[in-house]
Amino acid sequence: MPGAPSLRPHQSGGSGAVVLLVDRARSEYLQLPEAVFAALEHFGIPYYLWDIGSQDITALDLSSVAALVVAQEHLGPALSSTAVAHILSGVERDGTGLVILDGDLAGYDPLLRHAVGLRGAGRSGQIPTSDADGIVITRSDHFITSTQEAGVVHRLRTPAPLTLARAEEPDLEVLAISLTEAPALVARRMGAGRVVQWLVSPKIWTRSYLGHAHGLDDLFWKSIVWVARKPFAMLRMPPFVRLRIDDCHGLWRSAADLAFVDVLNEFGHRPTLCVCLRALTPEGAARARQLFVEGRADFAPHTLAPGTGLFYGPGDRPYTVEEIRVLMAEMDDTFRRWGIVPSRILSDHDHEWTPAVVPFLRERGIVFKMNVTLPGERWGDIHEDWRPAPYGSMSYAMDFLPAPYDDFFVVFNHYPTFDAARAYLPGGERFLYNRAGGFGEQTWDFLNGLTLPLRPANDVDAAARRLAEHTRLGLNSLFFGGSITHSHFTQALAPGEWRALLERYEALTSRLPKRNVSYDHIAHYARARHTTRLIRVDRTPTGEVSCILAGRTPMPLEVAVYADRKGEVVEHWAEVPPFEGALTVVL
């Protein structure tokens with residue numbers, strides 16, 4: 001879906017769906033595609049719109065919906081006291097979940113803020129406004145913040161409006177605050193239901209303020225899951241984690257150079273090793289074959305010779321078609337001699353591939369990309385921002401490339417500090433990459449700058465923290481976890497340092513559900529999920545969920561089903577078989 005996010009919401013139906021309250025006649029509705037629709041579709045949350053400008057909210061049977069989400073900013077004046085009373089009755093009596101993303105509490109009937117358990121922070125209870133430069137997580141013992149670290153600060157690009165209120169009820173839980181310690185996110189049980197109130201503007205979900213996949217997405221989707229009537233189903237990405245390591249300079253030669261993979265395997269990782277075609281010795285190739293056959297590593301062709309790309313050309317000159325034909329034959333022969341089936345993900349050195357190589361890649365089924373550059377774009381060239389799904393972000397993307405390359409699917413999770421590598425040109429549709437790549441903390445390689453010879457000693461703890469943070473962000477944003485690094489950094493670590501790094505990483509991510517899988521599995525799964533959606537979800541009288549899926553998937557997918565157990569939210573996974581067209585399953 002190049003050009004994301006789409007202005008058109010993709011609505012679902014059923015008693016297991018979420019209802020978004022909107023008013024199309026108000027200008028703030030125009031923020032919803034970027035702030036809300038794209039997120040719900042990426043999260044796999046079934047939803048439909050209820051336009052209060054043309055539909056009376058009191059006509060909505062709140063006992064037949066999973067949750068109600070007030071998604072649009074400044075919606076309060078459009079809701080009468082009767083409408084607010086109807087909503088609160090649905091929460092207290094029927095157990096309908098309520099999430100209010102609109103932080104403009106002053107615009108709503110006082111009945112709402114009293115029910116939430118808030119009062120204005122001003123004299124005599126007035127509701128003043130301020131702004132928030134950042135959001136601080138106050139606790140990690142609540143489902144909504146369970147995969148965050150208490151005390152972590154998420155700084156905004158632009159200060160966002162903040163309603164100043166204070167807790168009026170002792171059972172109101174403050175989950176996040178501003179840098180000035182004003183509540184920013186609160187939650188409360190209310191009768192048979194639950195309510196979550198955001199006090200910061202929903203503008204934070206737009207790129208100019210913060211945007212999605214920048215650290216707070218788990219609070220967004222988990223707010224909905226926590227309040228929703230259970231069981232509640234989502235077609236979300238499973239918590240996949242992968243590691244990718246590039247050998248740009250031909251440093252992997254012998255079997256000993258690949259010894260670090262043994263330590264990665266000890267911790268359950270199956271890395272994708274992107275190799276230099278002419279560097280591996282026969283001994284090194286034999287070791288690589290053993291790792292592949294035993295399912296302990298995948299291999300992708302990356303460079304032809306040290307520092308020389310395989311898919312574009314030397315220097316500024318692209319390969320001719322005949323040169324590519326010869327190189328692809330050499331690549332085929334080399335991998336055949338090694339006894340390794342290459343990864344189906346294109347690992348193009350410096351993100352460079354010439355249009356002439358595209359037919360050869362298609363012939364070999366290499367139709368996934370681990371970056372967002374288009375054919376013919378050199379690293380130092382002007383690049384097109386083609387705004388991939390789900391958010392139009394060039395750092396976190398799962399989408400087909402624009403035509404005529406729309407059979408290639410991008411599966412990309414570069415840490416968002418990768419944004420710092422781009423300088424946009426006038427118009428905002430094209431950009432230049434910083435030629436120096438990553439720098440300082442703006443580094444998307446989890447070892448870059450933390451090993452010899454760039455430091456007097458390897459900083460294993462800092463590397464573990466960076467890897468943990470990359471993984472946390474990917475998983476919390478419902479993409480996938482893991483990071484990348486390069487052989488010129490990995491060679492600086494001894495096996496004992498690798499072990500210490502991964503032990504520390506595991507400790508830092510112990511509260512994150514994680515499944516270590518191959519990058520190829522993630523790519524195939526992400527593409528299959530991209531072409532499939534939940535179009536209807538209904539809760540059954542027997543406590544199950546009936547789901548209708550539409551699209552096509554050549555492989556099994558999984559639906560996350562959430563239930564309440566003794567007041568706590570628990571997550572189950574149910575497998576959906578391959579299908580094309582439509583499929584009904586009861587989970």
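The values are calculated or read from the model by the stated rules, or taken from the named source; none is laboratory data. The model shown is predicted, which means the values in this text are computed figures rather than measured ones. No Cβ is skipped: glycine too gets one built from the backbone with ideal geometry, and neighbour counts run over all protein chains shown. Just so you know, the surface numbers come from the protein's heavy atoms only, side chains and all, with ligands and any DNA or RNA stripped out. Shrake-Rupley method; radii C 1.70, N 1.55, O 1.52, S 1.80 Å.
Across segment 457-553, the relative contact order, built from alpha-carbon pairs under 8 Å that are at least six residues apart, equals 22 percent. Using C-alpha pairs below 8 Å separated by at least 6 residues, the relative contact order for segment 1-152 is 20 percent. Only the Cβ atoms of Lys and Arg (+1) and of Asp and Glu (-1) were treated as charged; on that basis the dipole of segment 422-518 about its Cα centre amounts to roughly 220 debye. Think of the chain as a dipole: +1 on every Lys or Arg Cβ, -1 on every Asp or Glu Cβ, centred on the Cα centre; then among 405, 383, 226, 226 lies furthest on the positive end.
The tail of the calculated P(r) for segment 516-587 beyond 21 Å holds 32 percent of all Cα-Cα pairs.
Three principal axis extents of segment 1-86 based on alpha-carbon atoms, in descending order, are 42, 29, 16 Å.
Taking packing as the residue-averaged number of other Cβ atoms within 10 angstrom, the listed peptides 171-184, 235-248 run from highest to lowest as 235-248, 171-184. Given 25 °C and 0.890 mPa s, how large is the Stokes-Einstein diffusion coefficient of segment 463-587 in µm²/s, with Rh as the Kirkwood radius over Cα pairs? Answer from the Stokes-Einstein relation: 142 µm²/s.
With one equal scatterer per alpha carbon and no solvent term, the Debye-computed log10 I(q)/I(0) for segment 458-522 at 0.14, 0.18, 0.28 1/Å reads -0.42, -0.69, -1.29.
Each Cα pair under 8 Å and six or more residues apart adds its separation to the average, and for the chain the resulting relative contact order is 15 percent.
With all protein chains kept in place, the per residue accessible area of segment 23-161 amounts to 37 square angstrom at a probe of 1.4 angstrom.
For the chain, the number of Lys pairs with C-alpha atoms closer than 24 Å, counting only pairs eight or more positions apart or on separate chains, is 7.
Can you give the Rg to Rh ratio of segment 242-330, both from alpha-carbon atoms, with Rh computed by the Kirkwood formula? Using only Cα positions, Rg/Rh for segment 242-330 is 1.02. Binning at 10 angstrom from zero up to the longest distance, how are the C-alpha pair distances of segment 401-522 distributed in percent? Per 10 Å bin, starting at zero, the Cα-Cα P(r) for segment 401-522 comes out as 12, 36, 35, 14, 4, 0 percent.
Is the shape of segment 31-140 best called rounded, prolate or oblate, per the rule: a/c under 1.5 gives rounded, else a/b larger than b/c gives prolate, else oblate, with a ≥ b ≥ c the square roots of the Cα gyration tensor eigenvalues? The shape class here is oblate.
With the charge dipole of the chain set up from +1 on Lys and Arg Cβ and -1 on Asp and Glu Cβ about the Cα centre, the Cα lying farthest toward the positive end among the listed residues 546, 418, 339 is that of 546.
Carbon and sulfur atoms: what percent of the 1.4 Å accessible area of the chain do they account for? Looking at the chain in its full context, I get 52 percent from C and S. For segment 203-271, the fraction of C-alpha pairs farther apart than 13 angstrom is 78 percent.
If the segment from residue 131 to residue 294 were pulled out straight at 0.36 nm per residue, it would be longer than the present Cα-Cα gap by 53.2 nm. Over all orientations, the chain has a Cα convex hull whose mean projected area works out to 26.9 square nanometres.
Within the chain, antiparallel bridges make up roughly 65 percent of the DSSP beta bridges whose residues both belong there. Each residue of segment 201-215 was assigned a 3J(HN,Hα) from its phi angle through the Karplus curve 6.51 cos²θ - 1.76 cosθ + 1.60 (θ = phi - 60°); the sequence is 4, x, 4, 4, 8, 9, 4, 5, 9, 8, x, 7, 6, 10, x Hz, with glycine and proline shown as x.
Sequentially through segment 569-583, phi angles give Karplus couplings (6.51, -1.76, 1.60; θ = phi - 60°) of 7, 10, 10, 10, 10, 10, 8, 10, x, x, 7, 9, x, 9, 8 Hz, Gly and Pro residues having no value and appearing as x. Between the listed residues 240, 215, 192, the Cα displaced farthest toward the positive end of the dipole of segment 176-249, a dipole computed from Cβ unit charges relative to the Cα centre, is found at 192. Accessible surface calculations at 1.4 Å, restricted to protein heavy atoms, place segment 248-342 at 41 Å² per residue.
Computed with a 1.4 Å probe over protein heavy atoms only, the accessible surface of segment 432-587 comes to 44 Å² per residue.
The fraction of Cα-Cα pairs per 5 angstrom bin, counted from 0 for segment 102-217, comes to 2, 12, 23, 25, 20, 13, 5, 0 percent, rounded to whole percents. Per residue, the chain reaches -6500 deg cm²/dmol at 222 nm when only DSSP H runs of four or more residues are counted, each adding -39500 (n - 2.57). Separation of segment 522-587 from segment 7-50 is 19 Å, based on Cα centroids.
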